[in-house]
1. Let me confirm something: among H263, H267, which residue is more than 30 Å from V181 (Cβ to Cβ) and part of a helix (DSSP H, G or I)?
2. Looking at A281, A262, A275 in this structure, which one is buried (at least 24 other Cβ atoms within 10 Å of the Cβ), touching a His at 6+ places or on another chain (Cβ under 7 Å) and either at pLDDT below 95 or of a type in the set (A, V, I, L, M) (or both)?
3. Which one is most open to solvent (accessible area, probe 1.4 Å), of the residues in segment 289-313 that are polar (S, T, N, Q) and more than 21 Å from L331 (Cα to Cα)?
4. At least 2 residues that are among the hydroxyl-bearing types (S, T, Y) in each: list the helices (runs of 4 or more DSSP H) lying fully within segment 125-227 that qualify.
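The values are calculated or read from the model by the stated rules, or taken from the named source; none is laboratory data. Everything quoted here is computed from the prediction, not taken from an experiment. Neighbour counts are summed over all protein chains in view; Cβ atoms, including those assigned to glycine, are modelled from backbone coordinates with ideal geometry. Each accessible area value is taken on the protein alone, full model and side chains, heavy atoms only, with ligands, DNA and RNA left out. Shrake-Rupley method; radii C 1.70, N 1.55, O 1.52, S 1.80 Å.
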Amino acid sequence: MNFRGATTHVRDATGRAASALFRSRRFVAALALLAATFGLQLLASLAPRFVERFYSRLVFPEITRALSLPSLPFDFSLGEALLAALAVSAVAWLAWQARGLYRRQRRWQEFLFALFTSALLLAASTAALFMLVFGLNYQREYLSESLRLVRREPDAAEAEAIARELLDGVNRNYEEARAAVRPDSGSVMPFSREELYRLLEDAFPREPLLNLPETAGLARPKPVYFDGTLSRLGISGVYSPFTAEPNYNDAQPDSIIPFTVAHEMAHQRGYAREAEASFVAFLVCKASAHPYVRYSGYVGGLVALSALQRLTPQRRAELFRGLGDGPRADLQARSRFWSRYVGRASALAQSLNHAYLKANGVRSGVRNYNEAAWLVVGYYLKRFAEAGPPPVAAREKNWHTLTFARP
């Protein structure tokens, strides 16, 4: 066998394939789009205040309002429907191409070449459009900066005061809501889904810290049809940036739903980072006129307890013993629900989400969800500073050793 001749043939074939690839208009267009997209992202990351004032506050609300128009007449998620249609179209296209290969109307090299260049151009176009209609919000000012939250670790007295505020908010609002209870899934939301959307829409302008622009005409939140798929992926909600729809998993326990919907509505209003969307959801739910929505917000705010390291384990346990039986049952129902879906699918979804967040400049990736704790802590420290300090003077610390820093 002539190994030298075979090697030369393979090298020539590889060279011809590479030459054809770089001569492909789709390939060149995809590279140009990707370069422009990441260049825009880099420039935006260097000017967060400009992004905040001109994109997030002025341009993005108009984009969102325009993207909402096609979905307004529909009760179902238009984004989910379009995603399903895209998946069906992709399968049909692959089947058609496989038919051509089977009938030897096309060579497999041509098929793979067309598949690669088409997929790359589609990915580049999607990334560019995403950056324009939503992605630049990842480069806006940090919410801790724009809201001037206190950025230090609380001392022992402040930590206990924050824990009491949260636990009292949970217990008090649960009792006021007087919701019915199911043995398997905890408390039942005492109003319809449509009423929930109205309550949250009314609550956003009630929170003076946010100072949001007019939000009339936005797509309303919608439950997804394939909620079982979201559950298996470990996803409670998802924002559809191309249709401006806040979507949520309606299969999860009711006590989580108001906070989840408010979180996705925060994305719709330009708060892209997960920690900030959760913090906005906490503020908005807490400002609601209905105690059950406030209750869900305070339950979502309990993440802040993980940041209160000044509380001893014994004191933490004592405080938690004051949690009411109803809220405790809701937390257990929530844990039972999500523990059923821990597996490879949820792990894969978490890995993809981690990569997505890192690509958008969130250095901590999926850990960003837990960083809402420091925003809640900073909010209460700001309140304490405005109302008068707790009994023990707080010791200053470098905030950036406690939370995430701008990349």
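1. Values: H263 fails: more than 30 Å from V181 (Cβ to Cβ).
When all the criteria are applied, what remains is H267.
2. On the way: A262 fails: touching a His at 6+ places or on another chain (Cβ under 7 Å); A275 fails: touching a His at 6+ places or on another chain (Cβ under 7 Å).
Sole residue among the options that is buried (at least 24 other Cβ atoms within 10 Å of the Cβ), touching a His at 6+ places or on another chain (Cβ under 7 Å) and either at pLDDT below 95 or of a type in the set (A, V, I, L, M) (or both): A281.
3. Here is the first cut: in segment 289-313, the residues polar (S, T, N, Q) are 296, 306, 309, 312.
Narrowing the set further to residues that are more than 21 Å from L331 (Cα to Cα) leaves 309, 312.
Values: Q309: 120, T312: 70 Å².
Here the answer is Q309.
4. Values: elements: 143-146, 156-177, 193-203.
So the answer is 143-146.
Results for (1) open to solvent by less than 20 Å² (accessible area, probe 1.4 Å); (2) in contact with a strand residue (DSSP E or B) (Cβ under 7 Å, 6 or more places away or on another chain); (3) of a type in the set (D, E), shown as yes or no for each residue.
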position: I162; (1), (2), (3): yes, no, no
position: Y174; (1), (2), (3): no, no, no
position: V181; (1), (2), (3): no, yes, no
position: G186; (1), (2), (3): yes, no, no
position: M189; (1), (2), (3): yes, no, no
position: P208; (1), (2), (3): no, no, no
position: N211; (1), (2), (3): no, no, no
